[in-house]
Amino acid sequence: MAASLNEVFDVIIIGCGAVGAAVAREMTLLGQKCIVLEKNMDVLSEASSGNTGHLTTGFYYTKKRSPLEFEMVRRALKLNKEWLDLQVNVPRSHCGLLMIAMNEEEFNTISEYQVKGIANGEDVRIIGKRELVKLEPNLSVVNDSVGALYSPEECLADGFLLALSNLYVALYHGCHLETRCRVVKVKKDLHQGVWKVTAEKRAIKGGKLSKLFLRARKVINCGGNYSDEVDHLVPRTMDEEKPFTIQPGANTLF
Ligand SMILES: Cc1cc2nc3c(=O)[nH]c(=O)nc-3n(C[C@H](O)[C@H](O)[C@H](O)COP(=O)(O)OP(=O)(O)OC[C@H]3O[C@@H](n4cnc5c(N)ncnc54)[C@H](O)[C@@H]3O)c2cc1C
């Protein structure tokens, strides 16, 4: 049964994108009383709405340059496979990946990816135009390309359904969800040992705002590209870790 908003939750999850949904699922299945707060009308409506669903990315991060990302990608590769095997309703395809270079600059980029991939133990290789045409004879761009990075183990999954199924599992097991609910204040109450979270809930009709006051033992920031804004809501003393800032990057896929 879903919890009442007045009780002290074990976990408040801020943001319902792919990450918030996965955290909600894991925490709820661990027996934690959770609530997810999403500022938008719909869940999975920001970065997680248009995901390509590309599962393995063993050539973007190297251990030396990004140790945390490297470790997380390694763990995800293992977890994704085990987890996906149980999600019979989430379409997926073990399709491999071709990253096609159309000029020398792009060829240099894919060559760097190859070096990183090999250092990470991935099966990636550069293939020439002739092999590319053999693999993808119906793809018109291959005729003007200069080569490609080929990674036969890559998979695609329906990223939206995958995240939605995580959320359904959490809700089925009693997790609470509030949409149109923007977190505006996060404060630790040192006396009670709980976090106090204030959120503005927007009514569907008329858009009137009302305030929700929630309490939890833990708060998890799953705000995606806004997670630095969420982080800045937490007051800090001089000797505490400084709030962080994120800068989203851009990429081109075709
Ligand atoms: C076009 C595109 C293609 C991609 N392709 C891939 C891919 O192939 N493979 C891959 O692994 N990744 C891919 N990504 C990246 C991946 O989609 C994102 O890393 C992932 O969706 C991020 O999920 P998230 O939950 O962190 O963020 P989001 O989905 O952005 O969710 C954050 C949520 O927090 C909410 N929020 C923020 N602030 C507050 C607040 N104060 N109160 C309440 N709620 C708040 C937001 O409204 C939002 O819904 C792609 C991204 C894009 C844009």
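The values are calculated or read from the model by the stated rules, or taken from the named source; none is laboratory data. Being a predicted model, the structure only gives us computed values, none of them experimental. Every residue, glycine as well, gets a Cβ built from its backbone with ideal geometry; the counts of neighbours run over all protein chains shown.
Look at the range 241-254: where a residue is near the ligand (Cβ under 10 Å from one of its atoms) and a partner is modelled with pLDDT of 90 or more, sitting 6+ places away or on another chain with Cβ atoms under 7 Å, you get P248/N225.
Close contacts from the range 54-83, counting a first residue that is among the hydrophobic types (A, V, I, L, M, F, W, C) and a second that is part of a helix (DSSP H, G or I), with Cβ to Cβ under 6 Å and a gap of 6+ residues or different chains, come to L55/N80; F59/Y113; F59/K116; F59/G117. Put simply, of I246, I220 the only residue that is aliphatic (A, V, I, L, M), touching a helix residue (DSSP H, G or I) at 6+ places or on another chain (Cβ under 8 Å), surrounded by 10 or more Cβ atoms within 10 Å (Cβ to Cβ) and in the same structural domain as E38 (by TED's automatic domain parsing) is I220.
Just so you know, in the range 122-152 the residues that are within 30 Å of the chain's Cα centre (by Cα) and within 11 Å of L98 (Cα to Cα) include one that is surrounded by the most Cβ atoms within 10 Å (Cβ to Cβ), and it is A148. If you go through the range 23-64 and keep only what is in a loop (DSSP other than H, G, I, E, B), surrounded by 16 or more Cβ atoms within 10 Å (Cβ to Cβ) and near the ligand (Cβ under 6 Å from one of its atoms), you end up with E38, K39, N40, E46, N51, G53. Of all the numbered requirements in (1) under 18 Å from L164 (Cβ atoms); (2) part of a helix (DSSP H, G or I); (3) away from the ligand (no atom under 16 Å from the Cβ), N89 misses one, and that requirement is (2). Selection within the range 186-199: residues that are touching a Leu at 6+ places or on another chain (Cβ under 8 Å) and more than 10 Å from the ligand (Cβ to nearest atom). The member of this set that is nearest to E26 (Cα to Cα) is K196. The set of residues in the range 38-74 that are more than 16 Å from the chain's Cα centre (by Cα) and modelled with pLDDT of 85 or more comprises K39, N40, M41, D42, P67.
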